[in-house]
Amino acid sequence: MRYEFLSVGSGDAGKMQELTEINSAVRVRRVRAADISHVIALDTRVTKIAKAEYWNDIFRRYGKQRNSERFFLVAEGRAEGAGPGFLGFIIGEVRAWEFGSSPCGWVFALSVEPKARLHGIGSALLEAISAEFRKAGVGKMRTMVARDGRLPLLFFRSEGMIAGPYIQLEKDLD
Ligand SMILES: CC(C)(COP(=O)(O)OP(=O)(O)OC[C@H]1O[C@@H](n2cnc3c(N)ncnc32)[C@H](O)[C@@H]1OP(=O)(O)O)[C@@H](O)C(=O)NCCC(=O)NCCS
């Protein structure tokens, strides 16, 4: 079964809890403090690097303030292949005038519980944050992937994302 994105009903800023009902079994909503242990556990399993301090800081910065331009969303429910509960998360924000760019939405974290993958949850999370970006008034979404990151490349390409007009530059600092 694929989980389709249906609608966003964000309500007022103080009550932005229930965001998206994907279907009766899975929904996307704003993060809560109780979700952070699941975010940390999922990310640790996927990346093999435990970074609790980082995620707690991200929650403080993206889960609790400037809600109209910062979006930390989670998917929860009962997905095929996975037990009931936490299924994944996505984080992004509207950024303006960096590198001369007009305001656009940036996605900088996305992860789906491995057992729940390939059922449309990543797609629903991206669609939910896209809707939030649109509501925030931006018409462009960006992200960054490693050149050899086959899975995220396949995913983002399948969602219609293509190479943009910027290139990343870097050098080693000795
Ligand atoms: C990338 C990721 C978020 C996708 O989540 P998901 O819930 O499995 O994605 P969906 O089921 O919504 O897939 C949407 C489309 O992406 C593509 N896709 C996703 N996983 C794929 C895979 N393993 N192989 C090929 N295509 C894939 C497909 O086109 C798929 O559509 P389809 O099922 O109709 O063919 C998930 O694999 C993940 O968390 N990966 C590890 C972390 C990561 O890479 N994050 C992204 C960068 S921060």
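The values are calculated or read from the model by the stated rules, or taken from the named source; none is laboratory data. No experiment lies behind these values; they were computed from the predicted model shown. Backbone-built Cβ (ideal geometry, glycine too); neighbour counts: all protein chains shown.
A few notes on this one:
- Residue within segment 81-89 that is under 21 Å from Pro152 (Cβ atoms), in a loop (DSSP other than H, G, I, E, B), at pLDDT below 95 and within 16 Å of the ligand (Cβ to nearest atom) present: yes
- Test result for Leu126, without any contact (Cβ under 8 Å) to a residue 24 or more places away in the chain, more than 7 Å from the ligand (Cβ to nearest atom) and surrounded by 14 or more Cβ atoms within 10 Å (Cβ to Cβ): no
- Scanning segment 97-153 for residues that are farther than 22 Å from Arg29 by Cβ, under 17 Å from the mean Cα position of the chain (by Cα) and not in a loop (DSSP other than H, G, I, E, B) turns up Cys104, Arg142, Leu151, Pro152, Leu153.
- In segment 107-122, the residues that are under 18 Å from Phe72 (Cα atoms) and of a type in the set (S, T, N, Q) reach residues that are outside any strand (DSSP E or B) and more than 6 Å from the ligand (Cβ to nearest atom) with C-beta atoms within less than 7 angstrom, at least six apart or across chains, in these pairs: Ser111/Leu42; Ser111/Asp43.
- Among the residues of segment 106-123, those that are β-branched (Val, Ile, Thr) and within 7 Å of the ligand (Cβ to nearest atom) comprise Val112, Ile121.
- A Cβ distance below 7 Å, combined with a sequence gap of six or more or placement on separate chains, defines the contacts here; from segment 147-159, residues that are in contact (Cβ under 8 Å) with a residue 60 or more places away in the chain reach no residue that is within 6 Å of the ligand (Cβ to nearest atom).
- Annotation: of all residues in segment 133-159 being farther than 16 Å from Phe108 by Cα and more than 13 Å from the ligand (Cβ to nearest atom), the one that is surrounded by the most Cβ atoms within 10 Å (Cβ to Cβ) is Val138.
- Only residues that are more than 18 Å from Phe86 (Cα to Cα), outside any loop (DSSP other than H, G, I, E, B) and not charged (D, E, K, R) were counted in segment 39-55, giving 1.
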